[in-house]
């Protein structure tokens, strides 16, 4: 069982003006939400662990997870509102983003309300702003530290400065998570924000020394790189006519975990033993899945047969 921990929210797009206001299009989303859906579509048994509102948005998020085959038995409901990420255009047609999350349900997960993990949990996936905002951040970081001996802990920082603009806060959380994390995936964009001037090689070496078993840096159209304690490999990205890149990183993570699981390598020992050829195989599969998402509008993650077909 995979358990994905973090936020689920609504991306709200301002479509056009009406006589009385604005026409809005609200879509389910959130990086952990996307990863959970991606894992389910790739044939993994997965549960979502996080706070979710009892409002209309929360009901729709819960329904969407259930429709995808994601277990919602570890969702903690509350009457706090759902986080809204509102996207609109200014007078010049440039996108503007407004984030409405203060006091929202996805932040209200506290140690006392943390549900127990399924007995067969093998992998915990963490990421995005839920690791940084409070009280949910402290709750999830404690869960990772507590379970790292029993489960593989995967982590994608997925920096969102419109939620938490303090880079030092993000850096502190990444540093705190290193001792708990077995698999760390991060984009080159996030590296540039968090550690300007530092090379990926330097950071990977530091993170491996801190206890991480596998480090992966995604570079968009330039492909990706992976480091273990024994190998370092690079892989080119598949060519694709890009519609947009929404959900591409989440797709990559879901596909990476799926490939490693299918190969029997998703354990601390398995990650340590990865060969260069196996690393390339994992990166190729994950890159192919991410390319499919890039070729479609929005976070429409692929199903297993699409990636292998």
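Since every read-out is calculated from the coordinates, none of them should be taken as a lab result. Quick caveat, the model's predicted, so the values are computed rather than measured. Don't worry about glycine lacking a Cβ; one is built from the backbone with ideal geometry, like all the others, and counts go over all protein chains shown.
Just a few scattered comments:
- Cα convex hull, the range 1-158: 120 Å³ per residue, rounded to a whole number.
- Relative contact order, percent, the range 1-79 [alpha-carbon distance under 8 Å, six or more residues apart]: 32 percent
- Degrees, to the nearest 10: 276-294 long Cα axis against longest axis of the chain: 20 degrees
- Tilt relative to the chain, helix 31-41 - C-alpha long axis, 0 to 90 degrees, to 10: 70 degrees
- Candidates 71, 116, 142, ranked by Gaussian network fluctuation over the chain, Cα under 10 Å, top entry: 116
- Relative contact order %, the range 63-155, counting alpha carbon pairs below 8 Å whose residues are six or more apart: 23 percent
- A prolate overall shape is assigned to the range 1-41, the ratio a/c of its alpha-carbon gyration tensor axes (a ≥ b ≥ c) being 1.5 or greater and a/b exceeding b/c.
- Rounded, prolate or oblate (a/c below 1.5 giving rounded, otherwise prolate when a/b exceeds b/c) for the range 170-237 by Cα gyration tensor: oblate
- Protection-proxy order for peptides 292-298, 35-41, each taking the mean of Cβ atoms within 10 Å per residue, highest first: 35-41, 292-298
- Note on 166, 190: ascending count of other Cβ atoms within 10 Å places them as 166, 190, the fewest first.
- Among 61-70, 209-218, the peptide with the highest mean count of other Cβ atoms within 10 Å heads the list, and the full ranking is 209-218, 61-70.
- The chain - percent relative contact order, Cα under 8 Å, separation 6 or more: 16 percent
- Computed from the Cβ-Cβ distance with R0 of 30 Å, the FRET efficiency linking residue 176 to residue 77 stands at 0.60.
- Computed from Cα atoms, the angle from the helix 248-262 axis to the main principal axis of the chain rounds to 40 degrees.
- Taking 0.36 nm per residue of separation and subtracting the current Cα-Cα distance, fully stretching the chain between residue 300 and residue 110 would add 65.3 nm.
- Potential lengthening between residue 222 and residue 273 on full extension [0.36 nm per residue; Cα-Cα distance subtracted]: 15.7 nm
- By other beta-carbon atoms within 10 Å, ranking 182, 102 with the fewest at the front produces 102, 182.
- The range 168-301: C-alpha gyration tensor shape, a/c 1.5 cut-off, then a/b vs b/c: oblate
- Options (i) 0.95; (ii) 0.97; (iii) 1.00 - which one matches Rg/Rh (Cα atoms, Kirkwood Rh) as calculated here: (i)
- Separation of the range 15-33 and the range 164-241, taken as the distance between their Cα centroids, equals 33 angstrom.
- Normalised per residue, the volume of the convex hull around the Cα set of the range 206-274 (Å³): 100 Å³
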